[in-house]
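As structure tokens, the structure follows; a few thoughts come after it.
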Amino acid sequence: SVFLVGPMGSGKTAVGRAVARLLGYGFVDSDVEIESRTGVDIPFIFEKEGEPGFRLREREVLDELTRWRRTVVATGGGAVILEENRRHLAERGLVVYLQASIDQQVERTRHGRHRPLLTQAEDPRARLAELMQRREPLYRSVANLVVPTDGRRVQSVAEDIVAGLRRLGLPASAPSHPHEL
């Protein structure tokens, strides 16, 4: 399987769908999966349980999703915070770090209402920079491949990822059962 990590606004969901299409794999967004399982959106979980409560839910979902085969998983921006998540990502698939500048993150997240770590920030740019300072070394620590996304089209990024994954030994064809354990 292929796991996409990176900051909010780096394009993990859009690029993940394109990579899955190119590989013939299934696709899942861990945040969407959490919302589906809880029946509420992520801002609501943050409001009721705080970030620690959300991270526990995220850990449970990632433990399961990283066991799926032939699946592209778009993770949340903070998925790398917990050591257990980093270990599962690194051991159970190939990890792609989608790199995005603070400027690109600001541009891509400014209209979003689904980002609890940003909606409460007085200065979203400063908040994104703070998050990147802590998380960037963690993204790099698990990445098999680092792909810049600034100013690039989704399809171009996806094609670069697939080419990089092929160089890392990902097979050229995929079986027909994407979630087979």
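Scanning for something open to solvent by 60 Å² or more (accessible area, probe 1.4 Å), modelled with pLDDT under 95 and of a type in the set (Lys, Arg), does segment 136-149 turn up at least one residue? No, the conditions are met nowhere in segment 136-149.
For segment 84-112, residues that are closer than 12 Å to ARG140 by Cβ and free of Cβ contacts under 8 Å to residues at least 24 places away in the same chain total 0.
Conditions tested, residue by residue: (1) at pLDDT 95 or above; (2) of a type outside the set (Ser, Thr, Tyr); (3) touching a Leu at 6+ places or on another chain (Cβ under 9 Å).
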position: TRP68; (1), (2), (3): yes, yes, yes
position: THR75; (1), (2), (3): yes, no, yes
position: ALA79; (1), (2), (3): yes, yes, yes
position: ALA90; (1), (2), (3): yes, yes, no
position: GLN104; (1), (2), (3): no, yes, no
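Close contacts from segment 1-25, counting a first residue that is over 20 Å from LEU131 (Cβ atoms) and among the β-branched types (Val, Ile, Thr) and a second that is assigned to a strand (DSSP E or B) and open to solvent by less than 30 Å² (accessible area, probe 1.4 Å), with Cβ to Cβ under 6 Å and a gap of 6+ residues or different chains, come to VAL2/VAL72; VAL19/VAL72.
Six or more apart or on different chains, Cβ under 6 Å: which pairs go from a residue in segment 27-44 that's farther than 19 Å from VAL72 by Cα and among the acidic types (Asp, Glu) to one that's open to solvent by less than 50 Å² (accessible area, probe 1.4 Å) and part of a helix (DSSP H, G or I)? Could you list them? What qualifies is ASP41/GLU35.
The values are calculated or read from the model by the stated rules, or taken from the named source; none is laboratory data. The structure presented is a predicted model; accordingly, all values stated were derived computationally and were not measured. No Cβ is skipped: glycine too gets one built from the backbone with ideal geometry, and neighbour counts run over all protein chains shown. Ligands, DNA and RNA are excluded from the accessible area calculation, which covers all protein heavy atoms including side chains. Shrake-Rupley method; radii C 1.70, N 1.55, O 1.52, S 1.80 Å.
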